[in-house]
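The next block holds one structure in the form of structure tokens; read it before the comments.
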Amino acid sequence: MPEPPPTDNRVQAARRRTFAIISHPDAGKTTLTEKFLLYAGAVAEAGAVKARAGRRKATSDWMALEQQRGISITSTVLQFGYRDHVVNLLDTPGHRDFSEDTYRVLAAADAAIMVLDVAKGIEPQTRKLFEVCRARQLPILTYLNKFDRPGREPLELVDELEDQIDLQATPVTWPVGIPGDFRGVIDRRSGAFVRYNRTARGTTTAPEELVDSARAETEEGPAWVRAMEECALLDEVGAGVDTKTFLAGETSPLFVGSALTNFGVRHLLDAVVDLAPPPGPRTDSHGAARGLDESFSGFVFKVQANMDPAHRDRVAFVRVCSGRFERGMTVTHEPSGRPFATKYATSVFGAERDTIDEAWPGDVIGLVNAADLRVGDTLFAASPVRYPPIPRFSPELFVTARVRDSSRSKQFRRGVDQLEQEGVVQVLRDEHAGDPAPILAGVGQMQFEVFAHRLEHEFGAGVELTSTPYRLARSTDPATGEQLRRTTGVRVLTRADGVLLALFESPNWLARLEVDHPDWTLERLIAE
Ligand code: G4P
């Protein structure tokens, strides 16, 4: 039988690439993002992203905190066209304190690019973010950045990837010359040598000079010979791109270059189109695949309030999984069964918004004033579906939050609820003691700083945070919860999503309880 003709849904999905960039701060994520936009023709000159970011920072109290700390807290989505494809680049916060936020963003991505500074290799936050990708089994492309200045041996970095994070690099491009004396790259697939040309701070695309091997050998001398030897070595160990293991997140096509001077950027962007997977059928909470051709469905991976203080609104970011989204269509909010109008659907480019009229699998839509939408919620049109919830991280830090001025209790409650729904922190309460002072749980201290700052500036409720003796948590069930309530050194609290958590002061005490009571339910949470 002949193949059925591809539907619009499948054609559109096949054109999409939805991915995120992960890196340790300063490795070059912002620069690379900017250069992608430059190469895609979405901006005429590099510098626009930072300029936009600057404008955005000037408009919000909360961004003021970002600026003070020099960190990126918010996640934004950039959509641009490249080679007849639609690329959705999801931005992730670089700081490990916000890795739970990154985890949620990566739930909406089909692939990731890991940027490493060639002078530094794997840094602590690269590792943490990589683990998040691995937990989601995301295919990863690796970019070794900053070849224009001195750094480490690339072969040593290939070994480091394997030894430290068990990721086998399969170099697609390989450097001629060393970091700091960079001559260009060989494309190992074709053998083509592209000579490195510096551009003045890379504001325009770099000229690409293709040089044949005879000329390269004469002109680059020992650097060329050495690159050839290293390529032969890579051939020997079979370090070629392997689609199956790449898609499983076990091997990673590797590219080298210098984002600042635009070198190697086009190779990498081409790889996003040629190697990274398009959106495919997504697994629902029963383990069944929702085909791309089925009616519209998507899930919320991020909620953010007060992005723009002039509007004080709330945006839910939805990743489209199947079907065509049309603005104005009425969809069903799966958890409540209620209809949800999509009149105020927007696309979000950095902090700027445009009305969006349609979207396809892989795209991200921003739904404005979506008061009832929480992270993890499914939306669908026509045939129902529910996507699995996005798992929460295992908290490692616990503090008690109290309102400073009790006449602001109402604002405090409202703010805590909102920030909990956004997933800024996890909020734990004692069900038995109508609790005015919830325990906040997180993986990084900065989450609490953001919480306190936003509660004060957006909700007008100053908050006092005090430390607690708790150091780790396990999820449990009501029966075990009853037993644990009678045990010293343990506190049992309910998280806002209904999960019962047992908090422990000491890992040894937990280990002891596990040995003494093998029948108790004490489950590990993810990412410990
Ligand atoms: P991030 O988003 O991962 O935190 O990193 P970002 O792109 O902001 O880059 C961090 C610093 O590294 C910036 O320098 C940037 O210019 C520089 N950089 C990025 N890619 C390259 C590269 O390929 N080669 C070299 N030599 N430098 C690179 P900065 O001085 O902090 O900022 P700026 O004054 O240049 O804006």
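Bear in mind that the values in this text are calculations on the coordinates, not laboratory data. Just so it is clear, the model here is predicted, and its values are computed rather than measured. Please note: Cβ atoms are built from the backbone with ideal geometry, for glycine as well, and neighbour counts cover all protein chains shown.
Amide hydrogen proximity for ARG149: with H placed 1.01 Å from N in the peptide plane, the residues at 5 or more positions away or on another chain lying under 5 Å are GLY180. Here the residues CYS321, CYS133, ranked from fewest to most Cβ neighbours within 10 Å of their Cβ, fall in the order CYS133, CYS321. In terms of packing, defined here as the mean over residues of other Cβ atoms within 10 angstrom, the peptides 279-286, 390-397, 361-368, 403-410 line up highest first as 361-368, 390-397, 279-286, 403-410.
Each Lys and Arg adds +1 at its Cβ and each Asp and Glu adds -1 at its Cβ; summed about the Cα centre, the chain shows a dipole of about 1580 debye. In a solvent-free Debye calculation with one equal scatterer on each Cα, what is log10 I(q)/I(0) for the stretch 124-224 at q = 0.15, 0.21 Å⁻¹, listed in the order of the q values? For the stretch 124-224, the Cα-only Debye profile gives -0.74, -1.16.
Place the peptides 220-230, 449-459 in order of packing, highest mean first, counting for every residue the other Cβ atoms within 10 Å and averaging per peptide.
449-459, 220-230
Out of residues 5 or more away from ALA496 or on other chains, whose amide H comes under 5 Å of its own, with H placed 1.01 Å from N in the peptide plane? When sequence neighbours closer than 5 places are left aside, the close amide H contacts are VAL427.
With 32 Å as the limit on Cα-Cα distance, the pairs of LYS128/LYS410; LYS35/LYS128; LYS120/LYS244; LYS244/LYS343; LYS29/LYS302; LYS128/LYS343 that go past it are LYS128/LYS410; LYS244/LYS343; LYS128/LYS343. Just the Cα atoms of the chain, one point each, no solvent: what log10 I(q)/I(0) does Debye give at q = 0.11, 0.12, 0.13 Å⁻¹? These q points yield log10 I(q)/I(0) values of -1.02, -1.17, -1.32.
Short to long, the 5 Å bins of the Cα pair-distance histogram for the stretch 397-516 hold 2, 11, 22, 23, 18, 12, 8, 3, 1, 0 percent of all pairs. In the chain, the DSSP-assigned H stretches of four residues or longer account for a calculated mean residue ellipticity at 222 nm of -9000 deg cm²/dmol, using -39500 (n - 2.57) per stretch and the full residue count as denominator. In this structure the amide hydrogen of GLY264, modeled in the peptide plane, comes within under 5 Å of the amide hydrogens of SER258, none closer than 5 places in sequence on its chain.
Could you estimate the translational diffusion coefficient of the stretch 282-380 from the Stokes-Einstein equation, with Rh from the Kirkwood formula over C-alpha pairs, at 4 °C and 1.567 mPa s, in whole µm²/s? If you can, show how the numbers build up before the last one.
Details: Rh = 13.5 Å.
My calculation gives 96 µm²/s for D.
Each residue of the stretch 386-394 is assigned a 3J(HN,Hα), and the resulting list reads 9, 8, x, x, 7, x, 8, 7, 7 Hz, derived from the Karplus form 6.51 cos²θ - 1.76 cosθ + 1.60 (θ = phi - 60°), x at Gly and Pro. One decimal place: the segment ASP212-SER409 gains 63.7 nm when fully extended, by the rule 0.36 nm per residue minus the C-alpha distance.
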